[in-house]
Amino acid sequence: MITPEYCRVMARYNAWQNNAIWQVVDAMAAADLDQDRGAFFGSIRATLNHVLWADQLWMSRFDGGEGPTTSIKDSVNHTATISDWWAARFRTDGRIKSWAAELSALDLVGEMSWFSGAMGRDMIRPVGRCVAHFFNHQTHHRGQIHAMLTAAGQKPDDTDLFIMPED
């Protein structure tokens with residue numbers, strides 16, 4: 001379904017896009033970041049927090065490291081300020097890139113199991129599908145964030161994968 005190289009590219013894309021978002025939100029007032037804009041998680045900050053929380057949760061499943069201790073319901077308050085969000089986001093993006101750098105093709109086959117708090121039950125799914133979901137989830141919610149930033153009069157950078165700078 002996916003390859004280690006796909007994961008490495010998507011890990012770089014994730015970090016690149018999060019950095020671009022940081023460049024915009026760092027200059028915004030907290031009230032503007034917390035304003036309900038009608039998205040699934042309401043505000044820009046709440047959506048940023050949810051994505052960070054989910055990335056940390058999925059990484060704990062993939063690499064066996066630490067994950068968040070709060071529920072999906074509380075994910076919108078995962079960090080208290082946008083500066084706290086960026087510090088955690090930067091560390092998490094590094095974790096994702098390090099994990100992806102070490103992947104082999106065998107790491108992406110087979111099944112994984114976990115208890116899903118969102119579903120309220122044990123889950124068993126193909127690893128490759130879970131990793132694809134992980135990257136798709138980031139992109140999905142960043143699209144919502146991009147739309148909210150644009151509606152708020154901000155000018156976030158382009159999100160097209162083909163224009164991502166090469167390392």
So, in segment 79-107, of the ones that are surrounded by 17 or more Cβ atoms within 10 Å (Cβ to Cβ) and assigned to a loop (DSSP other than H, G, I, E, B), which residue ends up farthest from the chain's Cα centre (by Cα)? L103
So which pairs qualify, if the first residue must be in segment 123-136 and on the phi > 0 side of the Ramachandran plot, the second must be open to solvent by less than 80 Å² (accessible area, probe 1.4 Å), the Cβ gap must be under 7 Å, and the two must be at least 6 apart or on different chains? none
Selection from segment 68-78 of residues that are touching a residue at least 24 places away in the same chain (Cβ under 8 Å) and either surrounded by fewer than 14 Cβ atoms within 10 Å (Cβ to Cβ) or not β-branched (V, I, T) (or both): S71, S75, N77, H78
Within segment 16-33, identify whether any single residue is under 27 Å from G128 (Cα atoms) and touching a Gly at 6+ places or on another chain (Cβ under 7 Å), and answer yes or no. no
Checklist (1) in contact (Cβ under 8 Å) with a residue 40 or more places away in the chain; (2) open to solvent by less than 40 Å² (accessible area, probe 1.4 Å) applied to G65, failing item: (1)
For segment 108-130, state whether one or more residues are within 16 Å of the chain's Cα centre (by Cα), of a type outside the set (K, R) and surrounded by 12 or more Cβ atoms within 10 Å (Cβ to Cβ). yes
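Pull up segment 4-58, narrow it to residues that are of a type in the set (F, W, Y) and in a helix (DSSP H, G or I), then point me to the one that is surrounded by the most Cβ atoms within 10 Å (Cβ to Cβ). Steps first, please.
So in segment 4-58, the residues of a type in the set (F, W, Y) come out as 6, 13, 16, 22, 40-41, 53, 58.
Still in the list and also in a helix (DSSP H, G or I): 6, 13, 16, 22, 53, 58.
Values: Y6: 17, Y13: 18, W16: 18, W22: 17, W53: 23, W58: 20.
Here the residue is W53.
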Any chance R125 is assigned to a helix (DSSP H, G or I) and at pLDDT 95 or above: no
Does any residue of segment 64-78 turn out to be closer than 23 Å to F135 by Cβ, within 14 Å of the chain's Cα centre (by Cα) and among the acidic types (D, E)? no
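The values are calculated or read from the model by the stated rules, or taken from the named source; none is laboratory data. Just so it is clear, the model here is predicted, and its values are computed rather than measured. Note that each Cβ is placed from the backbone with ideal geometry, even for glycine, and that neighbours are counted across all protein chains shown. For accessibility, only protein heavy atoms count, side chains too; no ligands or nucleic acids. Shrake-Rupley method; radii C 1.70, N 1.55, O 1.52, S 1.80 Å.
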